[in-house]
Amino acid sequence: MLDSWRGTGTGAGATPAYEALADRIRLLILDGRIGLGVRLPAERDLAAQLGVSRTTVTAAYAELRERNYLSSVRGSGSIARQPHAAVPGDQPASGLLDFSKASMPAMPELAAAAVAAAQQLPAYLGDSGFDLVGLPVLRQALADRYTARGLPTEPDQIMVTLGAQHAIALLARTLVARGDRALVETPSYPHAMEALKAAGARLVPVPVTTSDGWDEEALEQAIQRTSPSIGYLMPDFHNPTGQSMPAGLRERTLELAARQGTTIIADETMAELDIDSPERMLPFAAYGGVDTQAILVGSANKTVWGGVRIGWIRADRSVIARLVRARSSGDLGTPALEQLVVTHLLGDYDALLRSRTRQLLAGRDFLTAQLAEKLPDWQVPRVSGGLMTWVNLGAPLSSQLTLAARTEGLQIAAGPRFGIDGEFERFLRIPFSYSEADTVRGVDALAAAWRNVGRHTQAESGWLAEVV
Ligand SMILES: Cc1ncc(COP(=O)(O)O)c(C=O)c1O
C-alpha cells in the first residue's frame with residue numbers, strides 16, 4: 001500500500017519524508033484502504049520495510065496522532081481511527097466538489113412520478129407493508145423489461161432490494177461460505193469487493209484494461225484452476241474502466257462457469273446507460289444455455305436517482321427462495337412508496353433513458369475535451385457507456401494527486417481504491433456525469449493539483465469517501 005509514497009519531490013522545497021509518509025497513510029485511512037481499528041505496523045518494522053530511519057516513521061506517526069488519525073494504546077500499538085469530523089457518509093466539507101461519486105442529479109420526471117405513486121399508495125395500505133421480495137407490480141414491470149430486452153423472465157424470478165449494493169451484499173452472504181474463492185475483475189467496484197470479503201471470500205483477480213478489455217486467458221484459467229464458488233463481474237459497463245464484455249466471451253464464461261460449478265453474478269447497474277456502443281448487449285444471462293447460471297443485479301439508483309434506493313436481483317426461483325430466507329437477518333424489506341415511484345417510471349423507461357444517455361454523451365465528450373486541453377499528457381480512453389472513464393496518468397501518482405486535489409477543492413477516489421493490493425497508482429477514475437460548470441471546476445482542480453503533486457497538503461478536516 002505504500003508503493004511510491006515518497007512521490008517525485010526531492011531536494012530543496014520537497015516535502016520532508018515524514019510528512020510524505022504521514023500524508024500517504026492518512027489517505028489510506030480516509031479512503032478506506034486501511035480500515036478503522038486496524039493496527040499499523042510497529043515503527044521499527046515499518047522503518048525496516050521502507051528503508052527509512054525509525055525517526056522518520058516515529059515523526060510520521062506522531063503527526064498522524066496529532067491530527068487524530070492514529071491512537072496509541074499501550075500494548076496494542078498504533079490503531080487507525082477517524083478524526084472527530086469524519087463519519088462515514090458525511091457530506092464532503094462545504095465547497096468541495098465530490099467526484100468520488102459517479103452519479104447524476106435526479107431525473108426531472110422523478111417528482112411527478114412520486115406524486116403519482118403517492119396517489120396509488122392507498123391501495124397498498126391495508127396489509128402489514130413488510131415486503132421481502134417486492135411489490136407484484138414492480139416485479140412484473142422488471143420481468144417485462146428483461147423479457148423485452150431479450151431475456152424471458154417471470155416476476156417470481158425477481159427480488160426487489162434496497163439498491164444494487166444491498167443485492168450484492170445479500171448474495172455474498174447467502175452464496176459465499178468462509179474461505180470460498182470469489183473471482184473479481186481488477187480493477188473492480190470497491191464496495192462489492194468489501195461485501196465479498198466480509199462474507200469470507202478469498203478474491204481471485206482477473207485483469208480488465210481500457211485497451212484490451214477482459215484478459216480472456218486469465219479469466220478462463222482463473223475459473224478452471226481455482227473453481228471459484230462465485231464470479232462477480234460487471235459485463236457492461238464495467239466500473240471503473242467503462243468496458244463492455246464481447247458477446248463471445250460472455251458465452252464462454254458462462255459455459256466454463258457451469259462446468260466448474262461457479263455462479264456468475266453480473267452487476268448490470270450501468271448496463272442501460274449505453275451512450276453509443278456499436279452493439280446493443282442483451283442481459284448477461286441471455287448468453288447462457290439451459291445449464292448455465294447467471295444471477296443479474298440491477299438498479300434504478302444510477303439511472304433514476306441515488307436517493308430512490310431501489311435495486312433488484314434476477315435469478316432462478318430456487319435462488320430467490322434462498323435469498324428470501326437469508327434476507328430478514330439484515331433487513332425486513334423495501335419501502336412501498338419508492339417501489340411505486342420506480343414502477344411508474346418504468347412505464348416510459350426507454351424515453352427517460354434516452355434523455356439520460358444524451359446527457360452522458362455530452363458529458364463524456366466535454367470531459368474528454370477539457371482533459372485534452374488542460375492535461376494533455378493523460379491518456380483518456382473512449383468509453384461507450386456508463387458514467388466514468390479510467391484515465392492513465394502516465395506516472396504512479398494517483399494517491400498524491402487525490403491528496404493535492406483536496407486542497408484544490410476536489411474530492412476524488414485514488415486509483416488504488418479500485419484494486420486489491422494497492423495497484424493502479426497510475427490511474428484515476430473520473431466521472432463525466434456532472435454539469436459542464438462542475439466538470440470545468442473539477443478538471444481545473446486536477447490540473448492545479450497535478451502541478452502541485454508531491455508538495456505538502458494543507459491540514460483539513462477528515463472525510464471518509466464512499467465510492468459510487
Ligand atoms: C457497479 C456498481 N454496482 C453497484 C453500485 C451500487 O449501486 P446502488 O446505489 O444501487 O446500491 C454501484 C454504485 O456506484 C456501482 O457502480
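Here, each number is a calculation from the coordinates, and none is a lab measurement. Treat the numbers as computed from the prediction; the structure is a model and nothing was measured. Positions of Cβ are backbone-derived with ideal geometry, glycine not excepted, and every protein chain shown enters the neighbour counts.
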Would you tally the net charge around Leu50, using a Cβ to Cβ cut-off of less than 12 Å, leaving Leu50 out, and scoring K and R as +1, D and E as -1? +1
CD proxy at 222 nm, helix term only [per DSSP H run n ≥ 4: -39500 (n - 2.57); per residue of the chain; nearest 500]: -12000 deg cm²/dmol
Between 0 and 90°, nearest 10: helix 436-452 axis offset from the chain longest Cα axis: 30
If you stretched the chain out fully between Gln379 and Glu109, how much longer would it get, using 0.36 nm times the residue separation minus the C-alpha to C-alpha distance? 93.6 nm
Would you mind checking which residues have amide H under 5 Å from Met245's amide H? H placed 1.01 Å from N; only 5 or more apart, or other chain. Asp236
The answer for Met388, listing residues at least 5 apart or on another chain whose modeled amide H is closer than 5 Å to its amide H, is Phe432
Give me a comma-separated list of calculated 3J(HN,Hα) values for segment 188-198, in order, Karplus coefficients 6.51, -1.76, 1.60 applied at θ = phi - 60°, integers in Hz, x for any Gly or Pro. 8, 7, x, 6, 5, 4, 4, 5, 5, 5, 4
Can you give me the angle between helix 398-407 and the longest principal axis of the chain, using Cα atoms only, in degrees from 0 to 90, rounded to the nearest 10? 80
Mean separation of Cα contacts under 8 Å (6+ apart) over length of the chain, as relative contact order %: 23
Among Ala114, Ala315, Phe427, the residue whose Cα sits farthest towards the positive end of the charge dipole of the chain (+1 at Cβ of Lys and Arg, -1 at Cβ of Asp and Glu, taken about the Cα centre) is Phe427
For segment 270-406, what is the relative contact order in percent, using Cα pairs closer than 8 Å and at least 6 residues apart in sequence? 29
Rounded to whole Hz and in sequence order, give me ³J(HN,Hα) for segment 131-143 from the Karplus expression 6.51 cos²θ - 1.76 cosθ + 1.60, θ = phi - 60°, writing x for Gly and Pro. 9, 7, 10, x, 5, x, 5, 6, 4, 5, 5, 5, 4
Would you please give the residues with an amide H less than 5 Å from that of Phe427, counting only those at least 5 places away or on a separate chain, with H modeled from the backbone geometry? Leu393, Ser398, Gly415
Just to verify a number: FRET efficiency for Arg259 and Ile79, C-beta to C-beta distance, R0 = 56 Å, to 0.05? 0.75
At 0.36 nm per residue, and after removing the present C-alpha to C-alpha distance, how many nm does the segment from Tyr124 to Ser329 gain when stretched out fully? 71.3 nm
At 7 Å along Cα-to-Cβ for each site, give me the label-to-label distance between Ala448 and Arg54 in nm. 4.2
For segment 45-56, 3J(HN,Hα) per residue [Karplus equation, 6.51 cos²θ - 1.76 cosθ + 1.60, θ = phi - 60°, Hz, x = Gly/Pro]: 5, 5, 4, 5, 4, 8, x, 10, 6, 5, 4, 4
Dipole size in debye (nearest 20) for segment 333-464 around its Cα centre, Lys and Arg Cβ +1, Asp and Glu Cβ -1? 160
Counting only DSSP beta bridges with both residues in the chain, what percent are antiparallel, rounded to the nearest 5? 55
Pairwise centroid distance, computed over Cα atoms, of segment 372-414 with segment 163-189, Å: 27
Efficiency of FRET between Ala42 and Thr209 - r from beta-carbon atoms, R0 51 angstrom, step 0.05: 0.85
Quick calc, Asp144 & Thr226: beta-carbon distance into FRET formula, R0 51 Å, rounding 0.05, result 0.85
